[in-house]
Amino acid sequence: MCFVVKIYIYSTLHVLKRFFREKHVGFLAICFAVDLVVESIKRNHPGLEMLIMDVAVPLSRYSDMVLFIKEMVRDFDAYVFGHAGDGNIHVAIMDDPQDEKRWDSVETVNRLIIIKALEFEGTCTGEHGVGIGKREFMDLEHGASLEIMRKLKNQLIDPSGIMNPRKMFF
């Protein structure tokens, strides 16, 4: 019995190692490909900066969101891509942050895209995290539950305030 269990555990571990190794390599290949795409976009727009947006919406609203985004970015050098299977949409706009009027337009488009995603019962951030840039939308997305999250973080999880100080919850 012990011998059979050892063989089973060994073969299971072997399969799991192979599975995770292949998944890991696949994940790294995807990351590498994304880096190449981003680098290619940047090289095709010398002197411009990239503002990357990331929202997610329910699959039932995905095509509506893509159409809305296409309309919003039609006057910009913009790239729209995502994961249709999970509702995630990325938008990259290339523009000049030194041109205040233009960059204000880019940031306005960013806000409008986020607000539309929230209207479609989505989220202001699909996979890249909240970050400082999405902080202003947390109240709109979470409402009263945001205060509960703030209390949990500040009182229970991080009472010393050492985890991402002054980022989300002050």
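Below, the figures for the structure above:
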| item | result |
| --- | --- |
| One residue from GLU100, GLU141 being without any contact (Cβ under 8 Å) to a residue 24 or more places away in the chain, surrounded by fewer than 20 Cβ atoms within 10 Å (Cβ to Cβ) and touching a Leu at 6+ places or on another chain (Cβ under 9 Å) | GLU141 |
| Count - residues of region 71-87 that are touching a helix residue (DSSP H, G or I) at 6+ places or on another chain (Cβ under 9 Å), closer than 14 Å to THR125 by Cβ and assigned to a strand (DSSP E or B) | 1 |
| Enumeration of residues in region 42-67 that are within 18 Å of the chain's Cα centre (by Cα), hydrophobic (A, V, I, L, M, F, W, C) and not in a loop (DSSP other than H, G, I, E, B) | MET50, LEU51, ILE52, MET53, VAL55, ALA56, LEU59, MET65, VAL66 |
| Residue in region 133-144 that is at pLDDT 90 or above and either within 18 Å of ILE93 (Cβ to Cβ) or in a loop (DSSP other than H, G, I, E, B) (or both) present | yes |
| Residues located in region 45-58, provided they are more than 19 Å from ASP99 (Cα to Cα), at pLDDT below 95 and surrounded by fewer than 18 Cβ atoms within 10 Å (Cβ to Cβ) | none |
| Residue match in region 106-121 (condition: crowded, with 16+ Cβ neighbours inside 10 Å, modelled with pLDDT of 95 or more and in a loop (DSSP other than H, G, I, E, B)) | yes |
| GLU127 within 23 Å of GLY85 (Cβ to Cβ) and surrounded by fewer than 18 Cβ atoms within 10 Å (Cβ to Cβ) | yes |
| Number of positions in region 73-91 that are small (Gly, Ala, Ser) and in contact with a Lys or Arg (Cβ under 9 Å, 6 or more places away or on another chain) | 2 |
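The values are calculated or read from the model by the stated rules, or taken from the named source; none is laboratory data. Values in this document were obtained by computation on a predicted structure and should not be read as measured data. No Cβ is skipped: glycine too gets one built from the backbone with ideal geometry, and neighbour counts run over all protein chains shown.
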